[in-house]
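What follows is a set of notes on a single structure, which appears directly below.
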Amino acid sequence: MSPLWLFLVLVVPQLKLLPCREHSSALIHQGATYPLYPSLLNSPPPFSSPWRSPEGREYVVVHIREGKYGLVDATPEECDPKGRQLTIDDADFSSLAQTGLHSSAELGRTSSITGRPVEEITKLGLPRALSWEGFLSPNEHILSVIKGDNSLVRAMGLTHPQLAKPLFHVLNAALGDTQFRATQRKASMAGVFYNGKEVKVEATGTKGGQESIFDDGITGSIHIRIERPPDPGEERFLRAHYRHLSADGMNALLRSLSHIETGEIQPQYIMRYGFYEGHTLWRTDPLAIAFIFGLRTIEAIEQAFPGRLDRVLAGHIVAEVPHEAAR
């Protein structure tokens, strides 16, 4: 039994999930057979990544550190050790479950999530509460962040499940990494190919587990660094549209748009609650997800937030009125 599996069994006994669906050791595509990881390929297979099979399985091509490639079944599932990756909190957010986005009216009526009052969730999410960095910055509130990010996602013409999926694909590729499962230190995966882009990925295990601010049983023990620097054309576009920024300001914009620190908790937060965390180390910004994984071009993102990308990425989503947790 791998350390991660043992951790989930011992620490999260309430998650009584079925084993992951058995699947074949190879993928047949247009008459050709491609073995799945841990079998290695000398070159990427000649089809898109991610690729969805007629049976509904979702595959991604990963770049292995040894200069080889792997084909991974990264399908989001409701099973061990992946967790409840398809769950949406429809008890609190029926609109999210039905449309993939929150309704303003529903959020306006929200006083608790998973049975836990929003003020308590906010307190638990602040720095040095359940985690040192926090899930929220000191001037943010759980509902202000959910409302603000819902507006950002809507402006890009996306939904929360669409933005959660690439993170689940990366997480599931890490969970399927035999070296990572054996050592819990560093995965052999160095990157994942996604919508024609190569995204750099570094997955490592952490000591202990991170508890969730919601009463949902979610925990985390994996740190995943995701990065896709802008290509020359994208960088020229940004420098042309934001030439008024200082060198430091431009570097901050480029980093915010192209870099994410994440783990097991964040994709489930996005899928379940439309929560990307506040402006802390662990924020999985929806604009960054859309850019890094090629869900939207830089031109489309700029069109959604004309001249404001630097402020949208850096600006804290503060509570509309002072709340007890921020005083």
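The values are calculated or read from the model by the stated rules, or taken from the named source; none is laboratory data. Please read these numbers as outputs of a predicted model, since none were measured by experiment. So basically every Cβ, Gly included, is an ideal-geometry build from the backbone, and we count neighbours across all protein chains shown.
A few points about this structure:
- Residues satisfying the stated conditions in region 229-271, i.e. within 19 Å of the chain's Cα centre (by Cα) and either of a type in the set (Phe, Trp, Tyr) or closer than 30 Å to Asp215 by Cβ (or both): Ile260, Glu261, Thr262, Gly263, Glu264, Ile265, Gln266, Pro267, Gln268, Tyr269, Ile270, Met271
So that you can scan it fast, the table gives a plain yes or no per residue for (1) closer than 27 Å to Thr219 by Cβ; (2) in contact (Cβ under 8 Å) with a residue 12 or more places away in the chain; (3) surrounded by fewer than 18 Cβ atoms within 10 Å (Cβ to Cβ); (4) of a type in the set (Val, Ile, Thr):
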{"site": "Thr33", "(1), (2), (3), (4)": "no, no, yes, yes"}
{"site": "Val60", "(1), (2), (3), (4)": "yes, yes, no, yes"}
{"site": "Glu66", "(1), (2), (3), (4)": "no, yes, yes, no"}
{"site": "Leu86", "(1), (2), (3), (4)": "yes, yes, yes, no"}
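- Residues being outside any helix (DSSP H, G or I), in contact with a helix residue (DSSP H, G or I) (Cβ under 7 Å, 6 or more places away or on another chain) and farther than 23 Å from His223 by Cα - total across region 113-127: 1
- Single match in Pro138, Pro81, Pro117 (criterion: more than 20 Å from the chain's Cα centre (by Cα) and modelled with pLDDT under 95): Pro138
- Residues being of a type outside the set (Asp, Glu), free of Cβ contacts under 8 Å to residues at least 24 places away in the same chain and assigned to a loop (DSSP other than H, G, I, E, B) are represented in region 223-243 by at least one member.
- Single condition Thr206 does not satisfy, out of (1) within 24 Å of Cys20 (Cα to Cα); (2) surrounded by 15 or more Cβ atoms within 10 Å (Cβ to Cβ): (2)
- Scanning region 128-167 for residues that are more than 29 Å from Pro50 (Cα to Cα) and in contact with a helix residue (DSSP H, G or I) (Cβ under 7 Å, 6 or more places away or on another chain) yields Ala129, Leu130, Gly134, Phe135, Leu136, Pro138, Asn139, His141, Ile142, Leu143, Lys147.
- Residues considered: Leu281, Leu295. Of these, the only one that is assigned to a loop (DSSP other than H, G, I, E, B), loosely packed, with under 15 Cβ neighbours inside 10 Å and on the phi < 0 side of the Ramachandran plot is Leu281.
- Number of residues in region 88-125 that are surrounded by fewer than 13 Cβ atoms within 10 Å (Cβ to Cβ) and within 15 Å of Gln268 (Cβ to Cβ): the value is 1.
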